[in-house]
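The values are calculated or read from the model by the stated rules, or taken from the named source; none is laboratory data. Quantities reported herein were computed from a predicted structural model and do not represent experimental measurements. Methodologically, a virtual Cβ is constructed for each residue, glycine included, from the backbone with ideal geometry; neighbour enumeration extends over all protein chains shown. With ligands, DNA and RNA removed, areas are computed over all heavy atoms of the protein, side chains included. Shrake-Rupley method; radii C 1.70, N 1.55, O 1.52, S 1.80 Å.
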Amino acid sequence: MRGRYGVATALAIGLASMSMTIEAREQNVPVNNNAADDWAAQVEAQMTDDERFSLLHGFMPIPIGPYANPELQAKWPKDVIPGAGYVAGVPRLGIPSQRATDASLGVTNPFGIRKGDSATALPAGLAIGASFNPDLAFAGAQAVASEARAKGFNVLLGGGINLVRDPRNGRNFEYISEDPLLSGVMGAAAVRGAQSAGVVSTVKHFSLNSNETNRHTWNAEIDESAHRESDLLAFQIAIERGQPGSVMCAYNLVNGEKACGNDHLINTVLKKDWRYKGWVMSDWGAVSGSDFAVRGLDQQAGEQLDKQVWFDAPLRSNLADGSLSRGRLSDMVRRILRSMKANGLVDAGPAPAVDMAAHADVARRIAEQGIVLLKNDGGALPLAANVASVAVIGRNAHVGVLSGGGSSQGLPPRGWAASVPVGGGEGSIGAWRVERWFAGAPLAALKEALPKASIGFDPGLYPQDAAALAARSDVAIVFVSKYEAEGFDSPDLSLPGNQDAIVEATVAANPNTIVVLETGNPVAMPWRDKVKAIVAAWYPGQEGAAAIADVLTGKVNPSGRLPVSFPGTTETLPRPAIPGYGTAEHTRVTVRMNEGSDVGYRWNARHGIKTLFPFGHGLSYTRFAADGLRTDGAAASLTVRNTGHRAGATVAQLYLVSRGGKSVQRLVGFQRVELEPRAEKKVTMTIDPRLLADWSGDGWTIPAGEYRFAIGENAERLGPAIGVMMKERRWRD
Ligand code: BGC
C-alpha cells in the first residue's frame, strides 16, 4: 500500500501535523469504492448543515443528567427507544435514526427502563474466549443482534477487544482474552455475527482501556511498536476481518492524549494506516472538546455525560472560524452514512421474528464450551452416576448464577433471582454496582441431573456448617464467586468474604471436594492443592446452571481453554499494585505499560514465571495427543488425536517459541477440534505474518533467521520445537 500514500501524502501529513488543519487528512480518506460509499457521498451532498450536525452527536435516552427532567423527555422524538443511545435521522433523505444498545453479552435494559423487557444473556466474554470457537462467537452475537433488531435497535455497542492486561480489571469479563490473535479472531467473528442481522456493530474501547481505576484520567504510556504488536493488533485483526461499522474510542488517555481525541490513534493508525472507512464514536462521557473532531472523532455519543454537547454549537463555530474544514465535516457524516448503508440500516425491512429457545441454546453452548476444567485429580469428575450424597455449598448456589455489572448487564428471560446492591465508588457508577444473580440455580440443576442422589445445601456462611455437611456427604461441591463491575477494579486476586475459609473447612472435612468458580477474572485459590477438582465457569450466563451441572456430571465433556493466565499472585504481574488504586476518582495517573507487547503469558514466558494455570490450559474427560507439526512459517499443519475413550474437543495451539536464537512466545494459530474416541484429524493453520514480526517505525519487519514453532498443550507445556529459516521481510501494514 506504500504507493497509495505517496510523497504528496507524506508531505501533506507532515504539514498537517504542524498546523493541525483538516485538509491534509482528507487525503487519507479511502477512495469511495463501493455502493455504500457512493450512496453516502450523494446523500451527504444534499444535506443542510443542520442535518449534518444532527448526525454527529447523540444522547442517552435514559432519565439521567438533564433528561431526569420529564419536560425534556417529552420532547424526545417518537422513535426513541430508551437505552444506551439515540441519534436522530433525516427522514427526507431516507436516513433512519440510530438507536443504540449495549450488547456485548446480550441486549441490555439499563435501569430497567423498558419495563420487563428481557433478552438472552450470554456468558462472559472470557467464556466466549475460552471456547476458542469463532463460530460460537458468531452465533452468540447474531442471536443478540437479531433480538436487538426485533426491539428496534440498529447499532450494537459490543465487541470488547481490549486485551486483558491486568487480572484485576473490573471489565475483563466483557473482554475476550490476553492474546491479540485470539481476541482479534473471536472479536471479528462476533462483529460479523452481529452485522449479519442487519445492524452496525462497534468494536471497543480503542485503545488500552485496561483498567477501571480512574478510567477517565488513566494515561497509558506505551511505545508505538509495543502497542502495534498487542492491543492495536487485536483491534486490527478484528477490524479487517469483521468490518465493524463503528469503532468506539476509550475513556483513558494514550500517551498523554485522550483516546477519543487522539490524533495519532484515530487519524494515523485507524484511518490512514488501516484505511478504516467506518465512523469513530466516543464512549459515553469521553469527549472534552470540539477539537476532538479534527483529531479523528466522528461522533459524540452519550452527550449528556460530557460537560457540553461539543459536536453541535461549538463544532459549528469551528466550521465558521475555519478550524473545522467543510471537507472534514463531510467526511464525518459520510463515514456514518456509509456504515449505516453497508449494514442494511437504511434499507431495513421489518425485523425477522426471533427464536428465543434457539438463542437460549446458543447461550448454553457457549457456557458448555467456555467452562474450563482447571484441575481433576484422580478422576474426581465427572461425578459418579451412583453418587449417593452430595453437599452443595456456597453463597447463592440455591438461587442462581452470578453476572457482571455495568453497562453490559443483561436481564435474562427468567429474570434476576437476586439483586444485591453493592454500591461504593464515586459518582453515579456506584448505582450500577448491583450483584445480579441470573435465575437458574446450580443446586436445582444438580438435583435434576442426579435424581437418585441425596443433595444437601449449605449457604457457606460459617466454615463449621460447611464442614459438617461435607463430612456427612460423599462429595462436596463448593461454589465460590467474585463480583466484578464496570467502574471498579479489584485490589487483588482474592475471593471476597470468607469464601477461602469455607473451602478450607470443607476440604478439611471431606477431601473429595470440588470447587466451581463463578468469577470474571482469575483468582488466587490458596487451597488449590488440597481440593480434588476446580471448574472455572466464569459468569456462565442465563443457562449457566444447567451447563455447570452437565459438566460436573459428565453429560458435557469440558473443552474450554483458559483465554487468560491465572497468575496466582499479584507479585509477578507487570504492575504488582494498580497505579492510583484507592485515590479519588479522576486522579490523573500515568501508567507505563512496561510489559509492552508481552501481555499475559508472554510476560510470564519472558520472566520465567510459572503460573497457577497457564493460558491455553484446560482438561477434558478424555485425553488428546498432538504431533506431526510441519510448517514453512506461513502455514502449519499438525495432527490431533483423541487417545481416550470418550468423545471430546480440544484446541490445537501453535506457538512461536524462538526467533533468531532468542526465546519469545506468541500464539500463532489455534483451532478447536471435536473428536470421537480414537479419531484423529489433520489441522491446518495459516500464520499471520504480523505474529512473527516486529513493528519498527513505520511498518512490520520479519528479521531474517531461524523461527522455531511448537505445539502447545498450553502456553507452558510445549512440545518439541521445529525450526524454519526465514528471509527478511518488511511491509507497511
Ligand atoms: C461504556 C461503554 C458503553 C457505554 C454505553 C460506557 O460506560 O464504557 O462500553 O457502550 O457506556 O452504555
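Here are the numbers:
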item: Test: residue in the stretch 628-637 that is open to solvent by less than 40 Å² (accessible area, probe 1.4 Å), touching a residue at least 12 places away in the same chain (Cβ under 8 Å), closer than 30 Å to Gly554 by Cα and of a type in the set (Ser, Thr, Tyr); result: no
item: Residue list for the stretch 237-259, filter: without any contact (Cβ under 8 Å) to a residue 60 or more places away in the chain, more than 14 Å from the ligand (Cβ to nearest atom), at negative phi and not in a strand (DSSP E or B); result: Ile239, Glu240, Arg241
item: Test: residue in the stretch 62-85 that is open to solvent by less than 10 Å² (accessible area, probe 1.4 Å), in contact with a strand residue (DSSP E or B) (Cβ under 6 Å, 6 or more places away or on another chain) and not in a loop (DSSP other than H, G, I, E, B); result: yes
item: Residue that is farthest from the chain's Cα centre (by Cα) [pool: residues in the stretch 273-304 that are assigned to a helix (DSSP H, G or I) and among the acidic types (Asp, Glu)]; result: Asp291
item: Qualifying residue in the stretch 287-307 (condition: within 16 Å of the ligand (Cβ to nearest atom), closer than 15 Å to Ile161 by Cβ and touching a helix residue (DSSP H, G or I) at 6+ places or on another chain (Cβ under 7 Å)); result: no
item: Qualifying position, being of a type in the set (S, T, N, Q), modelled with pLDDT of 95 or more and not in a strand (DSSP E or B), among Thr622, Thr650; result: Thr622
item: The one condition in (1) within 16 Å of the ligand (Cβ to nearest atom); (2) closer than 25 Å to Phe566 by Cα; (3) part of a helix (DSSP H, G or I) that Leu208 fails to fulfil; result: (3)
item: Count of residues meeting criterion [without any contact (Cβ under 8 Å) to a residue 60 or more places away in the chain and assigned to a helix (DSSP H, G or I)] in the stretch 305-329; result: 7
item: Residue within the stretch 360-374 that is among the basic types (Lys, Arg), outside any helix (DSSP H, G or I), open to solvent by 20 Å² or more (accessible area, probe 1.4 Å) and out of contact with any Asp or Glu (no Cβ under 7 Å at 6 or more places or on another chain) present; result: no
item: Filter pass, Ser339 being at pLDDT 95 or above, open to solvent by less than 20 Å² (accessible area, probe 1.4 Å), on the phi < 0 side of the Ramachandran plot and not β-branched (Val, Ile, Thr); result: yes
item: Scan of the stretch 482-516 for residues that are open to solvent by less than 20 Å² (accessible area, probe 1.4 Å), within 25 Å of Tyr581 (Cα to Cα) and more than 16 Å from the ligand (Cβ to nearest atom), ordered by number; result: Lys482, Ser490, Leu493, Leu495
item: Lone unmet requirement of (1) outside any loop (DSSP other than H, G, I, E, B); (2) over 24 Å from Phe292 (Cα atoms) for Gly198; result: (1)
item: Some residue of the stretch 350-358 being crowded, with 18+ Cβ neighbours inside 10 Å and of a type in the set (Asp, Glu); result: no
item: Given (1) open to solvent by less than 10 Å² (accessible area, probe 1.4 Å); (2) within 16 Å of the ligand (Cβ to nearest atom), index of the condition Pro123 fails; result: (2)
item: Selection count, the stretch 211-227, where residues are open to solvent by less than 20 Å² (accessible area, probe 1.4 Å), assigned to a loop (DSSP other than H, G, I, E, B) and away from the ligand (no atom under 13 Å from the Cβ); result: 3
item: Residues of the stretch 589-601 satisfying the condition of being open to solvent by less than 50 Å² (accessible area, probe 1.4 Å) and in a loop (DSSP other than H, G, I, E, B); result: Met593, Glu595, Gly596, Ser597, Asp598, Val599, Gly600
item: Residue tally, condition open to solvent by 30 Å² or more (accessible area, probe 1.4 Å) and within 11 Å of the ligand (Cβ to nearest atom), over the stretch 92-110; result: 0
item: Any pair with Cβ under 6 angstrom, 6 or more apart, that starts in the stretch 448-474 at a residue that is under 18 Å from Val387 (Cα atoms) and ends at one that is of a type in the set (D, E, K, R); result: Ile455/Lys447; Leu469/Asp458
item: Selected residue [crowded, with 24+ Cβ neighbours inside 10 Å and among the basic types (Lys, Arg)] from Lys258, Lys272, Lys277; result: Lys258
item: Subset of the stretch 656-671 [open to solvent by 10 Å² or more (accessible area, probe 1.4 Å) and closer than 26 Å to Ala137 by Cα]; result: Gln665, Arg666, Phe670, Gln671
item: Criterion: open to solvent by 30 Å² or more (accessible area, probe 1.4 Å), closer than 30 Å to Gly89 by Cα and charged (D, E, K, R) - qualifying residue of Asp347, Asp377, Asp331; result: Asp347
item: Leu270 vs. criteria closer than 18 Å to Val90 by Cβ, part of a helix (DSSP H, G or I) and either of a type in the set (Lys, Arg) or at pLDDT 95 or above (or both); result: no
item: Odd one out for Asp698, checked against (1) under 27 Å from Ala226 (Cβ atoms); (2) under 24 Å from the mean Cα position of the chain (by Cα); result: (2)
item: Test: residue in the stretch 196-206 that is open to solvent by less than 10 Å² (accessible area, probe 1.4 Å), more than 16 Å from Ala137 (Cα to Cα) and small (Gly, Ala, Ser); result: no
item: Subset of the stretch 141-179 that is aliphatic (A, V, I, L, M), in contact with a helix residue (DSSP H, G or I) (Cβ under 6 Å, 6 or more places away or on another chain) and in a helix (DSSP H, G or I) - its residue that is farthest from the ligand (Cβ to nearest atom); result: Ala143
item: Condition check for Phe138: open to solvent by 10 Å² or more (accessible area, probe 1.4 Å), in contact (Cβ under 8 Å) with a residue 24 or more places away in the chain, within 27 Å of the chain's Cα centre (by Cα) and within 16 Å of the ligand (Cβ to nearest atom); result: no
item: Among (1) assigned to a strand (DSSP E or B); (2) among the charged types (D, E, K, R); (3) open to solvent by 40 Å² or more (accessible area, probe 1.4 Å); (4) more than 25 Å from Val556 (Cβ to Cβ) - the single one Glu674 does not satisfy; result: (4)
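So that you can scan it fast, the table gives a plain yes or no per residue for (1) open to solvent by less than 20 Å² (accessible area, probe 1.4 Å); (2) in contact with a Gly (Cβ under 7 Å, 6 or more places away or on another chain); (3) farther than 21 Å from Phe488 by Cβ:
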residue	(1), (2), (3)
Glu571	no, no, yes
Gly582	no, no, no
Thr587	no, yes, no
Trp603	no, no, yes
Ile609	no, no, yes
Leu612	no, yes, yes
Phe615	yes, yes, yes
Gly618	yes, yes, yes
Tyr621	no, yes, yes
